[in-house]
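Sending over a structure as structure tokens; questions will come in a sec.
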Amino acid sequence: MKYVWLAVMCPVLAFGSGMKPDREVVYKEIDGIKLKMQVFEPEGFQASDKRPAIVFFFGGGWETGTPKQFYQQARAFAELGIVAFSADYRIKSRNGATPFECVKDAKSAVRWIREHADELGVDPDRIIAAGGSAGGHIAGATGVIEGLEDETDDLGVSSVPNLMILYNPVLDTTDKGFGADRIPLEKQQDISLCHQVHPGIVPTLLFHGTADTTVPYENAERFDQLMTEAGNECILVPFKGKGHGFFNGSFFRERNGDEAFNETMKHSIEFLSQHGYLPAK
């Protein structure tokens, strides 16, 4: 019976019938911009609940993208009883933002969820940061990069998540990874997850395609090794022969189908169950 929900739920999700968010919230206002998160709530959810929460950040090289990329994952996690958010953040094409502003917004999103946990029905000590590609980078930065906080936030509330689930994230922003052409040379290592690993980083689940030509698989192997050497928990799940963006389900990228989506969900369920975020099944 393990993971039987995947077999019956994903075909429904593929048609998009459950993909509309239940509501949206504004988590940050800056420079006249209202940044929103789309909220996906579990069936029977009440504001008095203390549910785990997961917040997703879309990919697009810090320059483009849409929160719709993670609607399928958000709805699937909501079906598991987790309050899920798919967050917008400032990007270059719309807001002239740099990767540094993107990281600040991701930290603001995690902080806002924790700060408003009571009204959201969320456990402030069970918040998962997740994302893909550049969105995986900023999700990872909430747990790895120290500093880069938005000074307009309430800095008395932590922006560090309790777990991370990263889908082919940008891990090295030097010329050995992705993004070196978008970040000044003297600042590349400041925002590079591989260069900022330290003891005490929260448990991390990392998905990566071995044939990724955008973010080299070597980056994922190196990050995994660095995390382990620092005494941190990191679970690297390789997807043999898969390229960049393999994790997108049929809702966002129809040609992908749902095989890889289902596989990432299976591993996510195991990971979250081991950490007490889901019932052990």
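Throughout, read-outs are computed from the coordinates displayed, never taken from laboratory work. Since the model is a prediction, treat every value here as computed from it, not as a measurement. When we count neighbours, we look across all protein chains shown, and the Cβ atoms used for this are built from the backbone with ideal geometry, even at glycine.
What is the magnitude of the charge dipole of segment 4-274 about its Cα centre, with +1 placed on the Cβ of each Lys and Arg, -1 on the Cβ of each Asp and Glu, and no other charges, expressed in debye to the nearest 20?
Rounded to the nearest 20 debye, it is 680 debye.
Residue farthest toward the positive end of the dipole of segment 165-253, with Cβ of Lys/Arg at +1 and Asp/Glu at -1: which of T204, L193, P238?
P238
Counting only other residues whose beta carbon sits under 11 Å from that of G61, what net charge do I get with K and R as +1, D and E as -1?
Net of charged neighbours comes to 0.
Sticking with this structure for a sec: Let a ≥ b ≥ c be the square roots of the eigenvalues of the Cα gyration tensor of the chain; is it rounded (a/c under 1.5), or, if not, prolate (a/b larger than b/c) or oblate?
Since a/c stays below 1.5, the shape of the chain is classed as rounded.
Mind giving me the nanometre distance, one decimal, between the label points for T66 and E24, set 7 Å out from Cα along Cα→Cβ?
Label-label distance for T66 and E24, simple model: 1.2 nm.
To continue, here is another question. Using a Gaussian network for the chain with springs between C-alpha atoms less than 10 Å apart, which of these wobbles most: Q196, Q38, Q46?
Among Q196, Q38, Q46, the largest mean-square fluctuation in the Gaussian network model of the chain belongs to Q46.
Taking H as built 1.01 Å from N, whose amide H comes closer than 5 Å to the amide H of L278, not counting residues under 5 places away?
Distant-sequence amide H within range of L278: S273.
Same structure again: Pairs K176/K266; K36/K107; K28/K68; K28/K92; K242/K266; K34/K104: which are spaced more than 25 Å apart, C-alpha to C-alpha?
K176/K266
Turning to a different aspect of this structure: Rounded to the nearest 5, what is the percent of antiparallel bridges among the DSSP beta bridges in segment 4-274?
30
Can you list the aspartates and glutamates whose alpha carbon is less than 16 Å from that of K20, not counting same-chain residues fewer than 8 positions off?
E41, E43, E79, D88
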